[in-house]
Structures are given as C-alpha cells and as structure tokens.
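What follows is a single structure, written as structure tokens, with notes after it.
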Amino acid sequence: MAPAPPSQKEDEEDLAAFELPFFQRLVVQLWAMVLGLITRLTDAVLLVGRPALVRPYVGLWLSERLRSPYRARRSFEVVLALRATGQRMRELIYGETPLMSALWVFRRAGVGPGSRVVDLGAGRGRVLLAARWLGAEARGVELLAEHVTRMAHWLAPAGITLVQGDAAQAELSDATHVFTNWLALTPETKARLVARLRTCAPGTRVLTVLHPIEAEDFVRLSSHRVLFTWGLERVWIHEYRP
Ligand SMILES: C[S@@+](CC[C@H](N)C(=O)[O-])C[C@H]1O[C@@H](n2cnc3c(N)ncnc32)[C@H](O)[C@@H]1O
C-alpha cells in the first residue's frame, strides 16, 4: 500500500525546521547576496564566450527578479505534483548550480560535443546552459510546472529542452551524462531515482550533489568541491557499470 501523502501540517512543520532567528537569518541572507554577486559575475564572464546563451540567461535572471524560485509555495498544483510522486514539501527546497561550477564538473566528467546531458530535477535549467556551453545536447526534467512554464520558452532557442515530469520516470536510455542536485531529497525519493538510473546505458556518467550513490554498480570516479548558490558542496562523478 502506498504511504499516505503528508498533510499540510506535516509540510508546514518540515518547512518550519528551516526557520532561523532574526540575526542568523540576516547573516544567511547577506551570505546569499555575496554568493549571488560572485556567481552572477562569473556566469557573465563565461557567457562572453557563448553569445547564443546570453538571451536564455537574461531570461533566467529576469524571471528570478519577477518571482523568486527560492520561496517555497504550497499551491494546489504543487500539492498535486507531490501527491503524484509521494514526496514532501521540504524536498522542493530550491538552489541552483552556477555556470562555472557546472562547467568544472561537466568537464571532469567528459562532457563535450556529442554528449547528451540530462538534469534530473532541473529547476529553471541553469545547469543545462553549462551543458550547451560545452556543445552537448541538454534536456531537463522538473517536477514543478511553474519553473518549466516560466523558463522553457527562454531556453528552447538555445537548443535546451526543459519538460515537466517526475525525474524517476525520465527517459535516460540515450543519455551519456546525468546530473542530479538531489541534496534535499529523502532516501525514498533517492532510491526511486537510483532505480531509474539503472535504465541508463552502461558507461553513462552520473553526477550527484553532496551524497554519492551508495550502490556497487555506480562506480565512483572522482569528487569535486564547487560553489553553489548556498555555499561549497561536493559533486560526485560515477560511472554506471552494471
Ligand atoms: C536543488 S534544485 C536544483 C536545480 C538545478 N538542477 C540546479 O542544480 O541548478 C532541485 C530541483 O528538483 C526538483 N524536484 C524534486 N523532486 C523532483 C522529482 N521527483 N522530479 C523532478 N524534479 C524534482 C525540485 O522542484 C527542484 O527544482
């Protein structure tokens, strides 16, 4: 029997666990502003080398100014999406991978022209810009329709596909590289993703943020500490060897 979906009270309790006292919140907000400035600047410098990606990036930035993706909203649509996958509200806590960090780990994982990169839990598609920067095909699957409807039309002209769906149902058979920023996911959701990752072709490289895959058929090749919108975090590169 499927577990009962979390109630509004449980979701509110989950989110309340992330509430901070005033001064701590101030420090965190200042830190986020500094990181935001650094990562926007480095993103901008990188984009000089790829003018075709400037327009989608401006779209990302504009859309963030109009409506912050970092604020969790428990709308009817969000509740339906969570019920469909059996997930909790706290799994939607948002953060992004700056271009410089994504480029660094993608290079280490061997992404280049001819690669097909899939981002599971793609958010607004920032990581996919890095895949295109390296000449790879880029596709993202994101649970929240709001991220997709706001961003897909900005990304499409740069050859990036962002679709709404459950990452644990994503088509992965043609992927050469799969990225997942899964640090907020519960062990149950991670297990569903790992089961899906087993539909990849042998040799596929899988990159995960913070937690490596704990399974023998995903061999760890290397790990790298890089900057995210909330601070430094480790990215693990694995190869699928069934
Ligand atoms: C931490 S954000 C990462 C965004 C992007 N990959 C990046 O690194 O810049 C994780 C995203 O995963 C999405 N997500 C959570 N569960 C999902 C699921 N089952 N299927 C697809 N996306 C999911 C969340 O809505 C959120 O946008």
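Taking a label point 7 Å from the Cα of ILE93 along the Cα→Cβ vector, which residues of the stretch 181-215 have an amide N closer than 16 Å to it? Inside the label zone: 181-190, 209-211.
Here the chain is treated with +1 on each Lys and Arg Cβ and -1 on each Asp and Glu Cβ, and its dipole about the Cα centre works out to around 640 debye. If a helix is a whole DSSP H run, which ones in the chain reach 30 Å or further along their own axis (Cα) and hold a mean Kyte-Doolittle hydropathy of at least 1.0? Going by DSSP H runs, the hits are 22-48. Projecting the Cα atoms of VAL235, PHE218, GLY121 onto the dipole axis of the stretch 76-240, where Lys and Arg carry +1 and Asp and Glu carry -1 at the beta carbon, places VAL235 farthest toward the positive end. As a length-normalised measure over Cα pairs under 8 Å and 6 or more apart, the relative contact order of the chain settles at 17 percent.
If you take all other residues with their beta carbon under 10 Å from the beta carbon of ARG196, and give Lys and Arg +1 and Asp and Glu -1, the sum is 0. Given R0 = 30 Å, the distance between the Cβ atoms of ARG107 and THR161 translates into a calculated FRET efficiency of 0.85. Using a simple spin-label model with pseudo-atoms 7 Å out from Cα toward Cβ, LEU62 and THR42 lie 2.7 nm apart.
Distance from the C-alpha centroid of the stretch 129-184 to that of the stretch 51-94: 13 Å, rounded to the whole angstrom. Basic side chains Lys and Arg get +1 at the Cβ, acidic Asp and Glu get -1 at the Cβ, and with that the dipole of the stretch 54-98 about its Cα centre reaches some 160 debye. How big is the chain by the Kirkwood estimate over distinct Cα pairs, in Å? For the chain, the Kirkwood estimate is 18.4 Å. When the charge dipole of the chain is built from unit charges on Cβ atoms (+1 for Lys and Arg, -1 for Asp and Glu) and taken about the Cα centre, the candidate among HIS147, LEU62, LEU185 whose Cα reaches farthest toward its positive end is LEU62. Once the chain from HIS224 to ALA84 is taken as fully extended at 0.36 nm per residue, the excess over their C-alpha distance is 47.0 nm. Which parts of the stretch 110-127 would a label at GLN169 reach, counting a residue when its backbone N lies under 20 Å from a point 7 Å out along Cα-to-Cβ? So the set is 118-124. Using DSSP, restrict attention to beta bridges with both residues in the chain and report what percent are antiparallel, rounded to the nearest 5. If we restrict to bridges inside the chain, about 45 percent are antiparallel.
Coordinate-derived values only; no laboratory data. This one's a predicted model, so the numbers in the text were calculated from it and none came from an experiment. Methodologically, a virtual Cβ is constructed for each residue, glycine included, from the backbone with ideal geometry; neighbour enumeration extends over all protein chains shown.
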